[in-house]
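K.L.:
One structure coming up, written as structure tokens, with questions to follow.
The values are calculated or read from the model by the stated rules, or taken from the named source; none is laboratory data. In this text, all values refer to a predicted model and were calculated from it rather than measured experimentally. FYI the Cβ positions are ideal-geometry reconstructions off the backbone, even for glycines, and counts take in every protein chain you see.
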Amino acid sequence: KQEVTQIPAALSVPEGENLVLNCSFTDSAIYNLQWFRQDPGKGLTSLLLIQSSQREQTSGRLNASLDKSSGRSTLYIAASQPGDSATYLCAVKGNTDKLIFGTGTRLQVFP
Amino acid sequence: DAGVTQSPTHLIKTRGQQVTLRCSPKSGHDTVSWYQQALGQGPQFIFQYYEEEERQRGNFPDRFSGHQFPNYSSELNVNALLLGDSALYLCASSLVGYEQYFGPGTRLTVT
């Protein structure tokens, strides 16, 4: 059974810091991995999707890497801003069409 | 082009009642998936509908049922509500097997 874990559960940093959020999964037989952002009480916004054949994806200040064999992904946020404050969720998709989510990392960036 | 829409935004129900949540998929999408997100947790897959049939199901009791209409919109029904059913219910649409796009969610409170 696939399980997804995210570390740390919460993070509070000053503006301008570079951040690394971690996601690990127990079954390496994944189709893709996706990072989402969620603001309080809101839906999910997709940030990056990495196919199983890819090593990383980049969008602006965000970079996500995938090491499928070790069951790990990291989301790197450069030069963090207060507007980055949100919960970040990773999700994996296996050979079925359902997404399996971690419990998220709650990020607060203060000025 | 409207994205995924869900209604209502919020609702409050009493234990034992029944509730129906609605989802309209993104234009061009034919598949709808439903997820339950309890407070502080990651979303959990409930089920997925494609071609008006339940295509796959997560580990949820039969109190949770759904429907997909010919226009691809979907309903999630929950019978005999329990306090533990209080959660954010997220709908995601896609082309079958492709990236899922999430709606804003419906916040259900059971008292």
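K.L.:
Picking from A:Gln38, A:Gln2, A:Gln6, A:Gln34, which residue would you name as being surrounded by 15 or more Cβ atoms within 10 Å (Cβ to Cβ) and closer than 26 Å to B:His10 by Cα?
P.N.:
Of the residues listed, the single one that is surrounded by 15 or more Cβ atoms within 10 Å (Cβ to Cβ) and closer than 26 Å to B:His10 by Cα is A:Gln38.
K.L.:
Would you be able to tell me the number of residues in the range B:18-50 that are touching a residue at least 40 places away in the same chain (Cβ under 8 Å) and either among the polar types (S, T, N, Q) or not in a strand (DSSP E or B) (or both)?
P.N.:
Summing the residues that are touching a residue at least 40 places away in the same chain (Cβ under 8 Å) and either among the polar types (S, T, N, Q) or not in a strand (DSSP E or B) (or both) in the range B:18-50 gives 15.
K.L.:
For the structure I just gave you, tell me whether B:Gln6 is crowded, with 16+ Cβ neighbours inside 10 Å, closer than 22 Å to B:Arg107 by Cβ, in contact with a strand residue (DSSP E or B) (Cβ under 8 Å, 6 or more places away or on another chain) and polar (S, T, N, Q).
P.N.:
yes
K.L.:
Please enumerate the residues belonging to the range A:57-75 that are under 12 Å from the mean Cα position of the chain (by Cα) and surrounded by fewer than 15 Cβ atoms within 10 Å (Cβ to Cβ). Give the steps one after another, and end with the answer.
P.N.:
First pass over the range A:57-75, keeping only residues under 12 Å from the mean Cα position of the chain (by Cα): A:57, A:62-66, A:72-75.
Those that are under 12 Å from the mean Cα position of the chain (by Cα) and surrounded by fewer than 15 Cβ atoms within 10 Å (Cβ to Cβ): none in the range A:57-75.
K.L.:
Do we have A:Lys42 as part of a loop (DSSP other than H, G, I, E, B) and either in contact with a strand residue (DSSP E or B) (Cβ under 6 Å, 6 or more places away or on another chain) or within 25 Å of B:Asn59 (Cβ to Cβ) (or both) here?
P.N.:
no
K.L.:
Next up: Scan the range B:78-94 and give yes if some residue there is more than 14 Å from the chain's Cα centre (by Cα), at pLDDT 95 or above, more than 14 Å from chain A (Cβ to nearest Cβ) and not in a loop (DSSP other than H, G, I, E, B), otherwise no.
P.N.:
Yes, the range B:78-94 contains at least one residue that is more than 14 Å from the chain's Cα centre (by Cα), at pLDDT 95 or above, more than 14 Å from chain A (Cβ to nearest Cβ) and not in a loop (DSSP other than H, G, I, E, B).
K.L.:
May I ask you to say which residue of B:Glu53, B:Glu99, B:Glu75 is within 22 Å of A:Thr45 (Cβ to Cβ) and acidic (Asp, Glu)? Steps first, please.
P.N.:
Values: B:Glu53 fails: within 22 Å of A:Thr45 (Cβ to Cβ); B:Glu75 fails: within 22 Å of A:Thr45 (Cβ to Cβ).
Matching residue, one of B:Glu53, B:Glu99, B:Glu75: B:Glu99.
K.L.:
B:Lys13 passes all but one of (1) under 21 Å from A:Thr103 (Cβ atoms); (2) more than 14 Å from every other protein chain (Cβ to nearest Cβ); (3) touching a strand residue (DSSP E or B) at 6+ places or on another chain (Cβ under 7 Å); (4) not polar (S, T, N, Q); which number fails?
P.N.:
Result: B:Lys13 fails condition (1) only.
A quick yes/no check of all residues on (1) within 11 Å of chain B (Cβ to nearest Cβ); (2) of a type in the set (A, V, I, L, M, F, W, C); (3) in contact (Cβ under 8 Å) with a residue 40 or more places away in the chain; (4) over 12 Å from A:Gly104 (Cα atoms):
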position	(1), (2), (3), (4)
A:Pro8	no, no, yes, no
A:Leu21	no, yes, yes, no
A:Ala29	no, yes, yes, yes
A:Phe36	yes, yes, yes, no
A:Ser46	yes, no, no, yes
A:Leu49	yes, yes, no, yes
A:Asn63	no, no, no, yes
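K.L.:
Is it the case that some residue within the range B:65-86 is surrounded by fewer than 19 Cβ atoms within 10 Å (Cβ to Cβ), of a type in the set (Val, Ile, Thr), touching a residue at least 12 places away in the same chain (Cβ under 8 Å) and farther than 26 Å from A:Ala86 by Cα?
P.N.:
Narrowing the range B:65-86 to residues surrounded by fewer than 19 Cβ atoms within 10 Å (Cβ to Cβ): B:65, B:67, B:69-71, B:73, B:75, B:77, B:79-80, B:82-84, B:86.
Filter once more, so that each one left must be of a type in the set (Val, Ile, Thr): none.
No, there is no match, as no residue in the range B:65-86 is surrounded by fewer than 19 Cβ atoms within 10 Å (Cβ to Cβ), of a type in the set (Val, Ile, Thr), touching a residue at least 12 places away in the same chain (Cβ under 8 Å) and farther than 26 Å from A:Ala86 by Cα.
K.L.:
Within the range B:97-111, restricting attention to residues that are at the interface with chain A (Cβ under 7 Å from one of its Cβ atoms) and assigned to a loop (DSSP other than H, G, I, E, B), which residue is surrounded by the most Cβ atoms within 10 Å (Cβ to Cβ)?
P.N.:
Among those that are at the interface with chain A (Cβ under 7 Å from one of its Cβ atoms) and assigned to a loop (DSSP other than H, G, I, E, B), it is B:Gln100.
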